[in-house]
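**Student:** Before I ask anything, let me first share the structure, which is written out below as structure tokens.
The values are calculated or read from the model by the stated rules, or taken from the named source; none is laboratory data. What you are looking at is a predicted structure, and each value in this text was computed from that prediction instead of being measured. Using ideal geometry, Cβ is built from the backbone for each residue, glycine included, and neighbour counts are taken over all protein chains shown. The area values use the complete protein model at the heavy-atom level, side chains included, leaving out ligands, DNA and RNA. Shrake-Rupley method; radii C 1.70, N 1.55, O 1.52, S 1.80 Å.
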Amino acid sequence: MKKNIGKNRRAFGFCLFFLLTAFFSHAESADAAVASVADAYNARTEALIQKAASLKLAESNQWRLLLLFPQKSAKKSIIRAAEFFLAPDGVSNPQAELEADIRAFRSGEAVDRFPARWKFLKNALSDNEDDFPAQFDSGYAAFKAQIQPTAAMLVYPAGFMQNPASMFGHTFLVFENSKKNRLLAQSVTFSAHNTDPPGLSFALKGLFGLYSGYYLMDSYAKQVLKYSDMDKRDIWEYRLTLSDDALDLLYRHALELNGMYARYLYISRNCTTGSLLLIAAAFPDEPLMQELGTMAEPVEAFKILQAKGVLETPVFRPSIHSQIVAEKNSLPPALAKAVKSYCKGKTTLEALIAASDSLETQAQLLNLTSDYLKYLLSVGKITQQEYQARFMPVLRAMTHYTFGETVVESTDYPHESHDSHKITLTGGVDDGEAFGRISFRLLNHDLIDEEHGLNKNTQLDFFTGAVSFYPTADGAVRKIRVEKLLFADIFSIPACDSYFFTAAMSAVVGMERTALSKEQDALVLRIKFYKGVSTKLGSANQLYLLGGCDFWAHPDFDVYIDPLLGADVGLLTTAGRWKQHLSASVSQALFKNDGTTSTSSWRDAVVTKEMLTGGDRLRLVLSCEERVTLSRNMALSAKYTFSRDYKENAHKAELTLHVNY
């Protein structure tokens, strides 16, 4: 028995040894197999990286644009958000970012964050499904299936003169589904993130890059509400001509930029830069950013893309302001006045409807009432409670009528506007002396320029200057002097009527030549700000009246400064290619500045009653300017100016050739 037990134990030991040996041998084989697979995976990853290096993908326009390097010479991406990069130095090292992305995408990491980069690397490096498995892209595919973008539009809300940061207009991208209402589309904007109210502070901080600009995706309906309904800005929708692959890449790129931020600069890195840099990823072989240049005007982006043939004919979306004006103009003035009375709560809806016996006209009255109530609410002229109390009866009454659409159309395409830079060549007579003048404007538009595609009756001159030459009888140059170096010269005269009131304004900041005394003039710091009102006189004429302070400063003034209180009045007439501007400016200085006082006696420096009645420091300027447009970028103008300062009269007549480029 014991012998059998011993034999059995020995047999069991041999079996156990055999099993353990087999198990560990298998485990070692499995580990070796895993190690072999890992080595093969890593080797394939390195091979893909080497292939990318041989193809110089990191230096390609496409890759650099996906990382938002704005120019070929740019050393860094504009994006400041660290989460936009997988490599620690990806913001300035496209090669390191490419390698980090390949390694991450191979394992399925970060594909949902960077679907555009994933698609680019997959297409550029391999047709092998195992290298970049499609399953890694399933998150994007599922999201895209819900939205189903079928087209992309570049959208231009016109300039808004009441906000210095929006004077040039705005630019953003929209992805739409052609089977759905366009207002259900997705917008992609690049705009400054700030808590300051719109105004001068925002513009100044934006000029010096004190804000961050964010890429944000939101509903297009919100953008229309903001720009069209609240800001009274017409909107132009330009559909981009894109292949299916380019549209897909553009949408992927928009998703990976959502929430990313960069330094925002009002002139050089604004909404237009952000939008065009996003679009450039779909056109990597086109030098879009180089052509845009440093001064990123919204309209300029549309001109560039139009010249490339990638924009379709734009669709005009009138603002609620334009819609109301069209509806109001289709009614007799008495009925339009009755609509306003109801909206202001001064009459009843029954009285309004009874103002006309025509069912068609009654429908027009109700339609205008509905839109005007909406406008009054959007600008805070009535409360939400007042709106509901007046709108709900209108809504119930509208169920009994059939409505025709008031169509507001426009072919005033922004991309057809004149170019922004300008050189002018002037010759004339200044108080009996012949002179010549060369002027320049870096951007954008003069009051008397051709208005096609731009805001009507506005002036946005930035970075302007002028130099005059006075020759001798034999043609030699006797005198050269700088007439002005202005940072901004802004003039806006929106027409007011019984429905709308928007203040007119004029602002000048810079250096301009003026009289310091009867014998002396100089280039003087000038800051002018006037506000006022403007109205239409018929269809071709517009009258304006403004008043405020015109502040001058120079060391040679007796008290260093020369503030004037004054007013401007003018009449602007437009008839096709011809424009006329009649203007008068009168202002009264507060200080003598006649060489008889000093800063030690400020009280004595104030103008006396006798000086006021005698007009010693009364400044008067009367002018008449006629202009004829020759082509989109060329015009001729003639101008006569009478001026009076320090009781000295002066006359100037000039003829000018305007060349935009």
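**Student:** Through the Karplus equation 6.51 cos²θ - 1.76 cosθ + 1.60, θ set to phi - 60°, convert the phi angles of region 456-471 into ³J(HN,Hα) values in whole Hz; use x for Gly and Pro.
**Tutor:** Working through the residues one at a time gives 6, 6, 10, 9, 10, 9, 10, 6, 10, x, 8, 10, 9, 10, 10, x Hz.
**Student:** Based on the Cβ-Cβ distance of F440 and S126, what FRET efficiency does E = 1/(1 + (r/R0)^6) give at R0 = 60 Å, to the nearest 0.05? Numbers along the way, then the final one.
**Tutor:** On the way: r = 54 Å, r/R0 = 0.90.
The pair F440/S126 has a calculated efficiency of 0.65.
**Student:** So, one more: At R0 = 56 Å, how high is the FRET efficiency between D357 and A503 if r is their beta carbon distance? Nearest 0.05 is fine. Present the calculation step by step, with values, prior to reporting the outcome.
**Tutor:** On the way: r = 39 Å, r/R0 = 0.70.
Efficiency for this residue pair is about 0.90.
**Student:** Considering the options W552, I235, L250, tell which one lies farthest towards the positive end of the dipole of the chain, charges being +1 on Lys and Arg and -1 on Asp and Glu at the Cβ, about the Cα centre.
**Tutor:** L250
**Student:** If you rank L67, L618 by how much accessible surface each has, with a 1.4 Å probe, what is the order from largest down?
**Tutor:** L618, L67
**Student:** Please list E519, E483, E129 in order of solvent-accessible area, largest first, computed with a 1.4 Å probe with all protein chains present. It would help to have the intermediate numbers written out before the result.
**Tutor:** Working: E519 160, E483 30, E129 85 Å².
Sorted descending by solvent-accessible area, the residues read E519, E129, E483.
**Student:** Put C624, C271 in order of accessible area, largest first, 1.4 Å probe: what do you get? Walk me through the numbers on the way to the answer.
**Tutor:** Values: C624 45, C271 10 Å².
I get C624, C271, largest accessible area first.
**Student:** Next up: Express in Å², to the nearest 10, the accessible area of K344 obtained by rolling a 1.4 Å probe over the protein heavy atoms while all chains stay in place.
**Tutor:** Estimated to the nearest 10 Å², K344 gives 80 Å².
**Student:** Continuing with the same structure: Checking the cross-link filter: which lysines have an alpha carbon closer than 23 Å to that of K592, excluding same-chain neighbours under 8 positions apart?
**Tutor:** Those lysines meeting the cut-off are K518, K528, K609, K647.
**Student:** Out of region 359-461, which GluC sites (Glu not before Pro) are coil in DSSP terms and have no more than 13 other C-beta atoms within 10 Å?
**Tutor:** Values: sites: E360, E386, E405, E409, E416, E433, E450, E451; in loops: E405, E409, E450, E451.
Answer in residue order: E405, E409.
**Student:** Sticking with this one: Sort the following peptides by mean Cβ neighbour count (other Cβ atoms within 10 Å, averaged over residues), highest first: 273-281, 377-385.
**Tutor:** Values: 273-281: 24.7, 377-385: 13.4.
Answer by packing, highest mean first, reads 273-281, 377-385.
**Student:** Determine ³J(HN,Hα), in whole Hz, for all residues of region 577-588 in sequence, where each value follows from phi through the Karplus function 6.51 cos²θ - 1.76 cosθ + 1.60 and θ = phi - 60°; x replaces Gly and Pro.
**Tutor:** Couplings: 7, 9, 9, 10, 10, 9, 9, 9, 10, 10, 8, 10 Hz.
**Student:** Whole number in Å², please: accessible area per residue of the chain, 1.4 Å probe, ligands, DNA and RNA not counted.
**Tutor:** Numbers: 31680 Å² over 661 residues.
Accessible surface, normalised per residue, equals 48 Å².
**Student:** On to the next question. Based on the mean of other beta carbon atoms within 10 Å per residue, what is the order of 393-400, 234-241, 296-303, most packed first? Could you put the intermediate results ahead of the total?
**Tutor:** Numbers: 393-400: 13.5, 234-241: 20.2, 296-303: 24.0.
Order by mean packing, descending: 296-303, 234-241, 393-400.
**Student:** Please give the FRET efficiency for A650 paired with R603, using the beta carbon to beta carbon distance and R0 = 35 Å, rounded to the nearest 0.05.
**Tutor:** Numbers: r = 31 Å, r/R0 = 0.90.
About 0.65, to the nearest 0.05.
**Student:** Put a dot 7 Å past each Cα toward the Cβ at V37 and A326; how far apart are the dots in nm?
**Tutor:** 6.5
**Student:** Mind grabbing the accessible area of F175 for me, 1.4 Å probe, Å², rounded to tens?
**Tutor:** For F175, the solvent-accessible surface is approximately 0 Å².
**Student:** How tilted is helix 271-280 with respect to the longest principal axis of the chain? Cα atoms for both, answer in degrees (0 to 90, nearest 10).
**Tutor:** 40
**Student:** Give the aspartates and glutamates reachable from K374 as a straight Cα distance under 17 Å; neighbours fewer than 8 places away on the same chain don't count.
**Tutor:** Partners within reach: D229, D231, D234, E327, E386.
**Student:** Taking the full set of protein chains and a 1.4 angstrom probe, give the accessible area of R113 in square angstrom, rounded to the nearest 10.
**Tutor:** Spelled out: R113, probe radius 1.4 Å, area about 110 Å².
**Student:** Read phi for every residue in region 138-151 and hand back ³J(HN,Hα) as whole Hz from Karplus 6.51 cos²θ - 1.76 cosθ + 1.60, θ = phi - 60°, with x for Gly and Pro.
**Tutor:** For region 138-151, the Karplus curve yields 5, x, 5, 4, 5, 5, 5, 4, 6, 7, 6, x, 10, 7 Hz.
**Student:** In region 515-545, what trypsin sites (Lys or Arg not before Pro) fall in a loop by DSSP, with at most 12 other Cβ atoms inside 10 Å? Don't skip to the answer; put the middle values down first.
**Tutor:** Values: sites: K518, R526, K528, K531, K536; in loops: K518.
Passing both the DSSP loop test and the Cβ count: K518.
**Student:** Moving to a separate point now. Quickly work out the K144-to-T535 label distance, labels modelled 7 Å from Cα along the C-beta direction, and quote it in nm with one decimal.
**Tutor:** The modelled label-to-label distance comes out at 5.8 nm.
**Student:** Give me the net charge for the shell around M511: Cβ to Cβ below 15 angstrom, other residues only, Lys and Arg +1, Asp and Glu -1. Walk me through the numbers on the way to the answer.
**Tutor:** Working: positive: R481, K484, R513, R526, K528; negative: D461, E483, D489, E512, D521, D550, D556, D562.
With Lys, Arg at +1 and Asp, Glu at -1, the net is -3.
**Student:** Moving to a separate point now. Determine which aspartates and glutamates satisfy two conditions relative to K51: a Cα distance under 19 Å, and not lying fewer than 8 residues away in the same chain.
**Tutor:** Here the aspartates and glutamates satisfying the reach criterion relative to K51 are D39, E59, E97, E99, D101, D127, E129, D130, D131.
**Student:** Per DSSP helix of 4 or more residues, -39500 (n - 2.57); summed, then divided by the residues of the chain. What does that give at 222 nm, rounded to the nearest 500? Kindly include the intermediate steps, with their values, before the conclusion.
**Tutor:** Details: 18 runs with 216 residues, N = 661.
The per-residue figure over the chain is -10000 deg cm²/dmol.
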